[in-house]
Amino acid sequence: MTEMYRTVEVVAGLVTDEHGRVLATRCPLHKHDGGWEFPGGKIEPGEEAAAAVVREIAEELSLVVEPLELLHVVEWDYPTFRLRMQCFICRVKSGELCLHEHIAARWLSAEELGDVTWLPADVEVLEPLAAYLRG
């Protein structure tokens, strides 16, 4: 059934800090009902996934990040398309957090990942991310 769907290739930045927390961002209410997500976006044609996550985090949050590893790939079926989201652990190299597209941001520990209402595709990342954060 999913063969008929177009696949949208995206990246997500699992931006971590020196305290073992990850950055979560909240969408505006008109986008995804204000749910929480990991920042990121579409991979441009011809762009490498790691480069896309660096670009997207810079555009959305004014942070320069370094992708450290691909932690997880989510494949999620929406009614009209399939989402393929490559989720990269990233560390901040420079910049000050500034929200250009989101209405809120929180740094969450592994134990706090359940404190926000995640978008459905992002939920699949929580278990491997919690294991990573716990070391």
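The values are calculated or read from the model by the stated rules, or taken from the named source; none is laboratory data. All values reported here derive from a predicted model rather than from experimental measurement. A quick note on method: Cβ atoms are made from the backbone with ideal geometry, for glycine too, and the neighbour counts reach across all protein chains shown. Remember, those area values only see protein heavy atoms, side chains included, never the ligands or the DNA or RNA. Shrake-Rupley method; radii C 1.70, N 1.55, O 1.52, S 1.80 Å.
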- Query: Out of segment 112-135, which residues are hydrophobic (A, V, I, L, M, F, W, C) and either at pLDDT 95 or above or assigned to a helix (DSSP H, G or I) (or both)?
  - Reply: 113, 116, 118, 121, 123, 125, 126, 129, 130, 131, 133
- Starting from segment 33-47, keep only residues that are at positive phi, then list their pairs with residues that are in a strand (DSSP E or B) and open to solvent by 40 Å² or more (accessible area, probe 1.4 Å) whose Cβ atoms are within a distance under 8 Å, requiring at least 6 positions of separation or different chains. 34/26
- Item | Lone unmet requirement of (1) modelled with pLDDT of 95 or more; (2) outside any helix (DSSP H, G or I) for residue 57 | (2)
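Filter segment 105-118 for residues that are surrounded by fewer than 16 Cβ atoms within 10 Å (Cβ to Cβ) and not acidic (Asp, Glu) and give the result.
106, 107, 109, 114, 117
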- Taking strands (runs of 3 or more DSSP E) that fall entirely within segment 1-51, which contain at least 1 residues that are exposed (fewer than 13 other Cβ atoms within 10 Å of the Cβ)? 6-16, 40-42
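Within segment 52-61, can you find the residues that are of a type in the set (A, V, I, L, M, F, W, C) and open to solvent by 20 Å² or more (accessible area, probe 1.4 Å)?
Within segment 52-61, 54, 58 meet the criteria.
Quick grid of which residues meet (1) over 14 Å from the mean Cα position of the chain (by Cα); (2) more than 20 Å from residue 130 (Cα to Cα):
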| site | (1), (2) |
| --- | --- |
| 11 | no, no |
| 46 | yes, yes |
| 62 | yes, yes |
| 73 | no, no |
| 80 | yes, yes |
| 84 | no, yes |
| 89 | no, no |
| 93 | yes, yes |
| 96 | yes, yes |
- What are the pairs, 6+ residues apart or on separate chains, where a residue within segment 91-112 that is over 13 Å from residue 36 (Cβ atoms) has its Cβ under 6 Å from a residue that is open to solvent by 50 Å² or more (accessible area, probe 1.4 Å) and outside any strand (DSSP E or B)? 109/21; 110/134
- Query: Looking at segment 75-90, which of its residues are β-branched (Val, Ile, Thr) and open to solvent by 60 Å² or more (accessible area, probe 1.4 Å)?
  - Reply: 80
